[in-house]
Amino acid sequence: MILPQFEIQIVASLVAIACAIIGVFLVLRKMSLISDAISHSILLGIVLGFFITHDLNSPVLILFAALVGVLTVVLVEFIQKTKLVKEDTAIGLVFPALFSIGIILISTNASDIHLDIDAVLLGELAFAPFDRFIVMDYDLGPKSVWIMGGILLIIVVSLFLFYKELKVTTFDPGLSAVLGISPILIHYGLMSISSITIVGAFDAVGAILVVAFIIVPASTAYLITDNLRKMLIYSVAFGVISAILGYWLAFILDASIAGAMTAVLGLIFILVYLIAPKHGFLSNLSLQKRQAKEVKMLTLLLHLNSLNDGIENEEREIKHLYRHFRWTKKQANSILKFAEENGMIEIDKELIFLTNKGKEFSAKAIDYIITNRDDKIEGMKNEFMLFRG
Amino acid sequence: MDIFEYISLIFTDYTIRNISLGTGALGAICGVLGSFAVLRKESLLGDAISHAALPGIVLAFMITQAKDNYVLLIGAIISGLIGTLLISGIVTNTRLKKDAALGIVLSVFFGFGMLLLTFIQKNPDATQAGLDKYLFGQAATLMENDVKLLSIVLGLSLLVLLMFWKELKVALFDSDYAKSIGIKTRFLDSLISFFIVLAIVLGLQTVGVVLMSAMLLAPAAAARQWTNRLYVMLIIAAILGVISGVVGTAVSTTYNNLSTGPVIVVIAILIVIISFLFSPKRGLLMRQILFIRSRKKIEQTKVLLLMYNIAKTHDDVGHPHSNKILNNFQGIGKNVLKSLENQGWIKVNEGMWLMTEKGFNYAEELNKGITL
Amino acid sequence: MFEMTDESKYALNVHDLTVAYDFKPVLWDIHLQVPEGVLMAIVGPNGAGKSTLIKAILGIQKKIAGTVEIFGKPYEKMRKEVAYVPQKGTVDWDFPTTAFDVVKMGTYGELGWFRRPSKKQKIAALEALEKVGMLPFKNRQISQLSGGQQQRIFLARALVQNASIYIMDEPFQGVDATTEIAIINILKELRSSGKTLVVVHHDLQTIPEYFDWVTFLNVKKIATGPIKEIFNDENLAKTYGINYKVTINK
């Protein structure tokens, strides 16, 4: 690996880590799309900054961009407060407005300077190594590394200083007011830092990849855990892995680095979505099938339980299952088999009887259902999905 | 050129006519279908689907090797529909909420599309050219066939709406109740989703990805402020959409440097701002006026009652009192006295005030109302 | 044969209804037989499955097992006989529509696809609005209505359907005293004219005064029947799990 390749991956990883951390809080607070909004509207800030300084490399651009980012949030919330439209409508109106103004300003005033809009939206990591931070003739490395590194430092420090506050305001805003923590301050702090991060990152990776780095790793982590610490760790891990794998994918295919990284992020998300142990789609499916079976069996047992012992009631007939439970023959047979396998029932001449085990099981189940107390079904939890809750 | 030249050109010039009709039709479609998106609380679906369409476009191109518009359109629609399904899937099957689902589909699909695009077009300039059109739209390239397509889609959506109007209304407003009276809400939901995807994909080539979200929302959000009837809202939204499209195109054509998309969006959002501020029913200006008026009224009532209680203590209720008495109580200015006088409830003269009979009776009624 | 005629005398007949979601059983093996012409309350603690029961009966909520019959026939065939009044909170009241429009929706079931409400339906809607005292507000945007007024509109919408059975979910929640009295009077009137009313109710205190039948529900059906027989401390304790003493104010 040659140095520029290494540097690109460093920049990407720094971006990934910074975005992953912010992303966790935005996703948990259900504010993911504000990142999409900010990433587009900051174009306006860059344009305004450029008009003032006429220097594409001036830090004023970043400052203005960050300010426009915060402006976006302020405008969105202002509109939301008026209650004239719903929350997300406000977002969908503000950022295209600011973005459009930015574009119009560019076309009318700066058409002689090539402010490459595509680069702005899509970024070009490939060029990151070439834009170096030179202080007094010492080449300190790519500028992006310093900028992102600085931003990441701010993020990590803020995270340590305000971890408790962030946690409380995210999970229990009501409690935070009681504890004297101002949710509003934390909120605007988060928004400002997000704004700065998005600005810093999109210079390197473009608007779309920033959004991807913010939303996707955090969401993927959320599929696996709801513990804040773990979520932060997983999120960062997924982000960095995607950044590195993505880079090499782009290298092999000779295609857009940003695109490749996003694609890997998506791939990881889909994998986790399908196979995550507790909440993954596939495991859900099989669990649901099993659960449906158990529920039907329990229904049958409880029904039998309510009948008087020993009496050859027509309600015990297998035929009754079709009529009253509206189960098909196939369903009924499979449930009967399941119940028999578990030793819950006995079938004698087309009539169904509860075994002792079945009676015990039903009694415990009823108890649990009525009182909703877990201790009633202690022994049964392992065997039956149904009671895992 | 000036505005009159332009208007005459709409009738005479083939290109300008096409563009105006095309953006007008698109505006109408966005107004009508956007109303549903807004009322279904799916405002940002437009943003997500416009981004999600990219891989479909690229794949369609890769498979057919043709830059035929319709092929690409179909690719976009399929990709958009898959995106919609995925979004619902994520929300239904995981603990992630709508915002995260939209963000995931939006960024991942688009990034994937980017990957494909740069993979097949090794020449960076060619990539930019293709992307530019998709990102910002190029209304100038609207052909007669495009206009025909847009009109057909507009016609179809209106037809569907007409057919299923009342069912759609109930399903939107109260889906549980709708189900209870036997309405097939899932079918209707899918139908509307399909048309929304269609509208978005059609709009992409005119307004571009980033701005499609606004086109879908703005006319509807503006229209909502002017009426409380659903069908009127759709009509107004369609009209506002048409205006945004046509005026936007006119402005951007007159100034050669501007691409149409951003101008149309700015016009649409200006209309929204005007609606937010000045609508007589919900507008912020009206709200403020009503608020100030009611505050004034409350103040007047307070003062009048105060005067009543003072006047009551005299046999002659018209007994004049010095203004200075009022100074012991807060917030009684000359304006309040003036308006009370204008309404004939008091008379003011040289620093003294007295209640008229009319005023005294009115105050008595007020007092009764309050103590009851 | 024997079963059919016996069962069809019930306005609402629920057999073995079971609903579970998210790995938790919510309703178990519900047997519920409601005779015609009663005004019945369904009560139970939070999470007891009351709303779920309603939704499962109406086919809005998927059930794992069970059948629902209206006058002896399957529910799907008898929709026209059942009018649903959902909880107020489930709807977005900023939706652009007027009170009149909402009530007219009650006629859509009878109209079927493609037909518009004609004069007949409009008159029916106006009459329903009158009945609930909302005629002066018919052109009011629904967001401008108070909680009580919104509830009345929902009731009017159900009245228009001219159904035999009314199923209501917490109609007195968040409603002013005057509206509550107005609504319960309408319900009693409906009962007198032979309708059957099933009402999920949250306030135990008012049950003896408002209703003549009660069903206690807590995931399982605890008891059902006339107030005099069923509304007692024993059933309350079984349902709510604590020593609940209720003084019935006569």
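For the residue pair A:Tyr163 and B:Asn335, what label-to-label distance in nm results when each label sits 7 Å from Cα along the Cα-to-beta-carbon direction?
5.5 nm
Is the shape of the stretch B:270-372 rounded, prolate or oblate, going by the alpha carbon gyration tensor and its root eigenvalues a ≥ b ≥ c, with a/c under 1.5 for rounded and a/b larger than b/c for prolate? Please report the intermediate quantities before stating the final value.
On the way: a/c = 3.17, a/b = 2.30, b/c = 1.38.
In terms of gyration-tensor shape, prolate.
Taking a spot 7 Å from the Cα of C:Ser193 along the direction of its beta carbon, which residues of the stretch C:79-105 have an amide N less than 19 Å from it?
Correct set: C:80-85, C:103-105.
What length, rounded to one decimal in nm, is gained on full extension from A:Thr108 through to A:Arg326, with 0.36 nm per residue of separation minus their alpha-carbon distance? Show your work: numbers first, answer last.
On the way: separation 218, 0.36 × 218 = 78.48 nm, distance 7.05 nm.
Length difference between fully extended and current span is 71.4 nm.
Roughly to the nearest percent, how much of the accessible area of the stretch C:1-133 is carbon and sulfur, given a 1.4 Å probe? Could you put the intermediate results ahead of the total?
Numbers: 2870 of 5500 Å².
Answer for the stretch C:1-133: carbon and sulfur cover 52 percent of the accessible area.
Helix-only mean residue ellipticity at 222 nm, the protein assembly as shown, DSSP H runs n ≥ 4 weighted -39,500 (n - 2.57), per residue, nearest 500. What is it? Can you show the working numbers first?
Numbers: 41 runs with 662 residues, N = 1011.
The helix contribution divided over the protein assembly as shown gives -21500 deg cm²/dmol.
Report the accessible area of C:His202, computed with a 1.4 Å probe over the heavy atoms of all protein chains in place, in Å² rounded to the nearest 10.
Rounded to the nearest 10, the figure is 80 Å².
With a 1.4 Å probe on protein heavy atoms only, work out how much accessible surface B and A bury together, total over both chains, in Å² to the nearest 100.
On the way: alone 20400 and 21100 Å², together 36640 Å².
Buried area (both sides, nearest 100 Å²): 4900 Å².
Would you please name the chymotrypsin sites (Phe, Trp or Tyr not before Pro) within the stretch B:31-78 that are DSSP coil residues with at most 10 other C-beta atoms within 10 Å of their C-beta?
Numbers: sites: B:Phe36, B:Phe61, B:Tyr70; in loops: none.
Taking the stretch B:31-78 and a limit of 10 other Cβ atoms within 10 Å, no loop chymotrypsin sites (Phe, Trp or Tyr not before Pro) are found.
Residues of the stretch A:317-340 losing 40 Å² or more of accessible surface, assembly versus chain alone, probe 1.4 Å, please list them.
Residues of the stretch A:317-340 that lose at least 40 Å² of accessible area once the other chains are added: A:His324, A:Phe325, A:Arg326.
Using the beta-carbon distance between A:Glu346 and A:Ile270 and R0 = 45 Å, what value does 1/(1 + (r/R0)^6) give for FRET efficiency, to the nearest 0.05? Can you show the working numbers first?
Details: r = 47 Å, r/R0 = 1.04.
The value I calculate is 0.45.
Of C:Lys131/C:Lys238; B:Lys358/C:Lys138; C:Lys80/C:Lys220, which sit over 30 Å apart, Cα to Cα? Working shown, then result.
On the way: C:Lys131/C:Lys238 39 Å; B:Lys358/C:Lys138 36 Å; C:Lys80/C:Lys220 28 Å.
Distance filter (> 30 Å) returns C:Lys131/C:Lys238; B:Lys358/C:Lys138.
Leaving ligands, DNA and RNA out of it, work out the accessible area of B:Tyr362 with a 1.4 Å probe and give it in Å² to the nearest 10.
Surface accessible to solvent at B:Tyr362 totals approximately 80 Å².
List the pairs from A:Lys30/B:Lys296; A:Lys357/B:Lys179; A:Lys330/C:Lys195; A:Lys167/C:Lys88; A:Lys329/C:Lys63; C:Lys62/C:Lys120 whose alpha-carbon separation is above 30 Å, in the order I gave them.
Numbers: A:Lys30/B:Lys296 41 Å; A:Lys357/B:Lys179 42 Å; A:Lys330/C:Lys195 40 Å; A:Lys167/C:Lys88 34 Å; A:Lys329/C:Lys63 18 Å; C:Lys62/C:Lys120 35 Å.
Over 30 Å Cα-Cα: A:Lys30/B:Lys296; A:Lys357/B:Lys179; A:Lys330/C:Lys195; A:Lys167/C:Lys88; C:Lys62/C:Lys120.
On the accessible surface of chain B, probed at 1.4 Å, how many percent belong to carbon and sulfur atoms? Mind dumping the intermediate values first?
Values: 10730 of 16530 Å².
Answer for chain B: carbon and sulfur cover 65 percent of the accessible area.
What residues have an amide H closer than 5 Å to that of C:Ala65, excluding those fewer than 5 places away on the same chain, when H is modeled at 1.01 Å from N in the peptide plane?
C:Thr18
Would you mind computing, in nm to one decimal, how far apart the modelled labels at B:Leu191 and A:Leu185 are, each placed 7 Å from Cα along Cα→Cβ?
Simple spin-label model gives 5.5 nm for this pair.
Enter the mean number of other protein chain beta carbons within 10 Å of the beta carbon of each residue in C:94-100, as an integer. Don't skip to the end; give the middle numbers.
Details: counts 8, 8, 14, 9, 3, 0, 0.
Mean shielding by partner chains, rounded to a whole number: 6.
The values are calculated or read from the model by the stated rules, or taken from the named source; none is laboratory data. All of these numbers come straight from a predicted model, not from anything done at the bench. Positions of Cβ are generated from backbone atoms using ideal geometry, with glycine treated the same way; all protein chains shown enter the neighbour counts. Accessible surface areas use protein heavy atoms only, side chains included; no ligands, DNA or RNA. Shrake-Rupley method; radii C 1.70, N 1.55, O 1.52, S 1.80 Å.
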